[in-house]
Amino acid sequence: MKIYEFLNNDETINKIDELIYFDEKWIFPEYNLKEYLEIDDFESFYKLAKKIVNELNSRNIDPDEYDKDILLSLLDR
């Protein structure tokens, strides 16, 4: 699965939204999520999730103001 396919897959976007969190900076879990996520191409998924949290950090998004619309705007759907 290519990264652009993730951008058009609401289930995957929902999983990213569910798993990102804030602990002094935006973070995507680094422990093994392959079985939980049930995604064939986990490496591409993880790279995309890391890009998202890096963008949240670079934009200094306030965790109290975060919602899924911010995530969707980062994906430029």
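Pairing residues of the stretch 52-71 that are farther than 10 Å from Ile20 by Cβ with residues that are exposed (fewer than 14 other Cβ atoms within 10 Å of the Cβ) and not small (Gly, Ala, Ser), at Cβ distances under 7 Å and at least 6 apart in sequence or on separate chains, gives Asn57/Lys25.
Evaluated against (1) at pLDDT below 80; (2) surrounded by 10 or more Cβ atoms within 10 Å (Cβ to Cβ), Tyr21 falls short on exactly one condition, (1).
For the stretch 21-47, a tally of residues being among the hydrophobic types (A, V, I, L, M, F, W, C) and either without any contact (Cβ under 8 Å) to a residue 12 or more places away in the chain or within 15 Å of Ser58 (Cα to Cα) (or both) returns 5.
The values are calculated or read from the model by the stated rules, or taken from the named source; none is laboratory data. On a predicted model such as this, the values are computed, not experimentally measured, just so you know. A quick note on method: Cβ atoms are made from the backbone with ideal geometry, for glycine too, and the neighbour counts reach across all protein chains shown.
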